[in-house]
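See below for the structure under consideration.
The values are calculated or read from the model by the stated rules, or taken from the named source; none is laboratory data. What you are looking at is a predicted structure, and each value in this text was computed from that prediction instead of being measured. Here the Cβ positions follow ideal geometry from the backbone for every residue, glycine too, while neighbour counts run over all protein chains shown. Accessible surface is based on the protein model in full, side chains and every heavy atom, while ligands, DNA and RNA are left aside. Shrake-Rupley method; radii C 1.70, N 1.55, O 1.52, S 1.80 Å.
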Amino acid sequence: MSNVTLTVGHTVAFALVFLDQNGNPMLTTPVPDAAPVWSDITPATGTLTPAASGLTATELAIAPGADTVSVSLAVAGVSFTASIDVTVETAPQVLTSVQIAATVT
């Protein structure tokens, strides 16, 4: 499980990433048996909106607090779940650093 912190008014985008046994993205994207199901534990902190395909979702932060967004799906009859912790703050953002993001394709 990972986490994301944002301020009230921001929207966070979530996307499913299908990983192999080494933690790298699958070269061929698997097709879920049915649309993945997204949920959040604390809907009072944000409005979760899954895409029609279920492969992505967004959450608009509407109130400070902690939430966990989860997704469940099956591929070839095998069940998978994933979760991410979301913290919504009211304080304004302050730039404190920059990073280089590496993505294996």
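Tally up the carbon and sulfur contribution to the accessible surface of the chain as a whole percent, 1.4 Å probe, everything protein left in place.
On the way: 4220 of 7060 Å².
Taking all protein chains in place, the chain shows 60 percent carbon and sulfur surface.
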Open item on the list: Pairs of alpha-carbon atoms within less than 8 angstrom and 6+ residues apart define the contacts here; what relative contact order does the range 1-103 have, in percent?
Closed with: 34 percent
- [ ] Quote the FRET efficiency, to the nearest 0.05, computed for Ile41 versus Ile62 with a Förster distance R0 of 25 Å and r equal to the Cβ-Cβ distance.
- [x] 0.95
- [ ] With a/c under 1.5 counting as rounded, go ahead and sort the chain into rounded, prolate or oblate using the C-alpha gyration tensor (a ≥ b ≥ c being the square roots of the eigenvalues; past the cut-off, prolate if a/b is larger than b/c, else oblate).
- [x] oblate
TODO: At 1.4 Å probe size, with every protein chain present, just tell me what the per residue accessible area of the chain comes to in Å².
DONE: 67 Å²
